[in-house]
């Protein structure tokens, strides 16, 4: 980065970092905010970091889930958030990882918001927009009460998605950027969002489609639609190494549990109540935050419109119209009147919570506030108002959050003691009910060689564990008669079993989905390993091809200016 360009970005980086540190300030006194998803993410970080120490670069099987029986969580949950959390553990102590994650993510969020606003607004206004986005009320709700680190990371990149969507049609046009380069950048950001969080990926997909259609309408051009479709296709292809296995292998797990009671869109529209007081309390809080965002966005949009309507040859006016449309879409989809869309649009129901559209609404919120900030007479009024909104939201949410610094140490202790942690309903392999799994089970035991599952160990068999890692287990067994070896491992199609070098078909226990391996009398070498299934191979190839295509657009064809 050139020194002059670095200096132009330095204020935004500094202010975004300062804002993110203010966001995590309560952590220094109260400990970690233990929101709804905290234990899920912390456990994933710990498991991934442990597998890296075993030499597994890209984990697929979560070893310590289901109390050591494991689950294919890392196949279905996008990788960037759990990889970032695991990586931070090598830099800061484990109990400081959540705060470090939040600080880093919200700094990125502010810088991305600045990148969008600076294309259309004066630099001071763009810096103000960065602050507004880094500490927007929905981000604070996620930080203090939800602990959905993956969605938080994905939301940090949303402003760039909007920026490159607009740049594909030259609204605004960055120096030296062709439509093809803008398409490549859009694809990269779109892929990053999907690789952070799947519900955020669904939001990004629908938002992008609406934005491309809106730009095409305002510009009276079909080319934006074509370029947008190319960008979406390339973005999906970049994620194929994750998305294709996640889609194909859904048939092997109870993925429908992601939409169990309490997680349905119909139960989470604004101010919806069900027969669950805790759910109703949180939904009331989330709904109130949504109304606050909607109200301030509307006021700022009206105030900022007069100031920006005639700037930059009409670019700001068209961008204002597109962002207003995006704000309207996000606001409407949080209302129960749109339930027919949630029931019929592909994959939209897997967003689960309609109020998640606040992640999208936060972009117009920050941009319109930045635009309103350009009005010199009211500048300090807006500063005071946003400080009051952010500080007030933070105080309220901090007061209602659950603070606990023992979550991570307790998970560490459970892994160290071999007890592991709870599994996830939707990632439980078919044929198993993970609530039936024993919380304390040996890594192996023997069963008689008949159909009745017995837990007593026949004295005629002995075993020695040669290797036991997340993806490879090897044992030497000596048995005086045929036995069945029961492993502390859930049977999943990607696991392959060899006995004395010959592939065998494993069975499963009747009371739960634990793997059993039939063994003959005598000495046996048992190897159980996690294979690279064809869907993973095909997905990896597609991602490599797409990455090369993206590089070609960025550094090859993209250098030729389109006429």
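Since every read-out is calculated from the coordinates, none of them should be taken as a lab result. If you're wondering where the values come from, they're calculated on a predicted model, not measured in any experiment. Every residue, glycine among them, receives a Cβ derived from its backbone with ideal geometry; neighbour counts consider all protein chains shown.
The Cα atoms of segment 442-531 give a gyration tensor whose axes a ≥ b ≥ c have a/c of 1.5 or more with a/b no greater than b/c, which makes the shape oblate.
Kindly express, to the nearest 10 degrees and within the range 0 to 90, the angle between helix 315-332's C-alpha long axis and the longest C-alpha principal axis of the chain. So the helix axis and the longest Cα principal axis differ by about 50 degrees.
With neighbour counts taken as other beta-carbon atoms within 10 Å, the residues 145, 358 rank, fewest first, as 145, 358.
For segment 442-531, averaging the sequence separation of C-alpha pairs within contact (under 8 Å, six or more residues apart) and dividing by the residue count gives a relative contact order of 32 percent. Defining a contact as two alpha carbons under 8 Å apart and six or more residues distant in sequence, what relative contact order in percent does segment 259-411 show? Computed over segment 259-411, the figure is 31 percent. Between residue 385 and residue 341, the modelled label-to-label distance comes to 2.6 nm, taking each label 7 Å out from Cα in the direction of the beta carbon. Against the chain, whose longest principal axis is taken from its Cα atoms, helix 277-308 shows a tilt of about 30°.
Applying 1/(1 + (r/R0)^6) with R0 = 35 Å to the Cβ-Cβ distance of residue 460 and residue 496 gives a FRET efficiency near 0.80.
Calculate how steeply helix 198-219 sits against the longest principal axis of the alpha-carbon atoms of the chain, using the helix alpha-carbon long axis, and give the answer as 0 to 90 degrees to the nearest 10. The angle comes out at about 30 degrees. Subtracting the Cα-Cα distance of residue 264 and residue 503 from their residue separation scaled by 0.36 nm leaves 81.8 nm. Spin-label model, residue 21 to residue 472: label points 7 Å out along the Cα-to-beta-carbon direction sit 4.5 nm apart. Using a Förster distance of 30 Å, how high is the FRET efficiency between residue 481 and residue 247, based on the Cβ-Cβ distance and rounded to 0.05? The computed FRET efficiency comes out at 0.10. In terms of other Cβ atoms within 10 Å, 380, 468 run from fewest to most in the order 380, 468. Fully extending the segment from residue 548 to residue 123, taken as 0.36 nm per residue of separation minus the present Cα-Cα distance, adds 149.5 nm. For 205, 424, 165, 510, the sequence from fewest to most other C-beta atoms within 10 Å is 510, 205, 424, 165. The protection proxy used here, the mean number of other Cβ atoms lying within 10 Å of each residue, ranks peptides 477-487, 21-31 as follows, highest first: 477-487, 21-31. Each residue, residue 217 and residue 332, gets one label point 7 Å from its Cα in the Cβ direction; the gap between the two is 0.8 nm.
Scaled against 2.2 N^0.38 Å for its residue count N, the alpha carbon radius of gyration of segment 367-453 is 2.21. Using a cutoff of 8 angstrom between alpha carbon atoms and counting only pairs six or more residues apart, the relative contact order for the chain works out to 20 percent. On the beta carbon distance between residue 225 and residue 9, with R0 = 35 Å, the FRET formula returns roughly 0.60.
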